[in-house]
Amino acid sequence: MEKACLLIIDVQKGFEEEEFWGERNNPNAEVNMLKLLDAFRTAKLPVIHVQHQSENEQSPLHPTKLGYQLKTGFEPREDEPIFIKNVNSAFIGTSLKDELEQRSIQQIIIVGLTTNHCVSTTVRMAANYGYGVSLIHDATAAFSTVSYDGRKYSGQEVHDSALSHLHNEFAEILNTEEALVKWVRSSRFIQ
């Protein structure tokens, strides 16, 4: 039997500024995140939030900007801890690992923004710490990028590449419905 939690990473208003980030894939990611959040809350299962506090004053995620705020519907409830980070991993500079240990969490279901940055880094560290990780591919998203050699990759290509690098080595890749069946509706889940 495994005890799991939902970890929601960096679902902040600043990621709505495509002129800063580029073109984004998966426009329904937040809809799927909210389905999972609602299901976990209804089932009284653990939810943990992460918020990025950029040190770059030009970033929409800098604490002086409106974009630093969590998107509507993603505000933590009183019993849901939030960890503020300023690097890509939710484990660096926070007490997230202590929180997981105190709650005896063994499995982390991860959603949020963005697939190839903070989500990927957190997934890798969680796996390296020995946690089981389920990454929900339709509840995360990525932005387009230009590579070191000038080639442009779409948000979907970046997303797919990041997921491919994590699949079977650092995480199982599931969709929202598969995650609901496995972790919320399943009797395997201990509160």
Can you pull out the residues in segment 1-54 that are polar (S, T, N, Q), surrounded by fewer than 20 Cβ atoms within 10 Å (Cβ to Cβ) and not in a loop (DSSP other than H, G, I, E, B)?
-> 42
Out of (1) open to solvent by 10 Å² or more (accessible area, probe 1.4 Å); (2) more than 18 Å from residue 179 (Cβ to Cβ); (3) in contact (Cβ under 8 Å) with a residue 24 or more places away in the chain, the one residue 127 does not meet is (2)
Taking the residues in segment 101-123 that are among the aliphatic types (A, V, I, L, M) and touching a Phe, Trp or Tyr at 6+ places or on another chain (Cβ under 8 Å) as candidates, determine which candidate is surrounded by the fewest Cβ atoms within 10 Å (Cβ to Cβ).
-> 105
Output yes when any residue across segment 124-138 is at pLDDT 95 or above and either under 16 Å from residue 12 (Cβ atoms) or among the aromatic types (Phe, Trp, Tyr) (or both), and no when none is.
-> yes
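To keep it simple, each residue is scored yes or no on (1) at pLDDT 95 or above; (2) among the aliphatic types (A, V, I, L, M).
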| position | (1), (2) |
| --- | --- |
| 149 | yes, no |
| 152 | yes, no |
| 158 | yes, yes |
| 161 | yes, no |
| 164 | yes, no |
| 172 | yes, no |
| 178 | yes, no |
| 186 | no, no |
| 191 | no, no |
Pairs under 7 Å by beta carbon, first residue in a helix (DSSP H, G or I) in segment 91-109, partner of a type in the set (Val, Ile, Thr), six or more apart or different chains?
-> 99/48
Please work out which residue is most open to solvent (accessible area, probe 1.4 Å), limiting yourself to segment 135-191 and to residues that are without any contact (Cβ under 8 Å) to a residue 60 or more places away in the chain and of a type in the set (Gly, Ala, Ser).
-> 187
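The values are calculated or read from the model by the stated rules, or taken from the named source; none is laboratory data. It should be emphasised that the depicted structure is a prediction, and the values quoted were computed from it without experimental measurement. Backbone-built Cβ (ideal geometry, glycine too); neighbour counts: all protein chains shown. These accessible areas exclude ligands, DNA and RNA; they are computed on the full protein's heavy atoms, side chains included. Shrake-Rupley method; radii C 1.70, N 1.55, O 1.52, S 1.80 Å.
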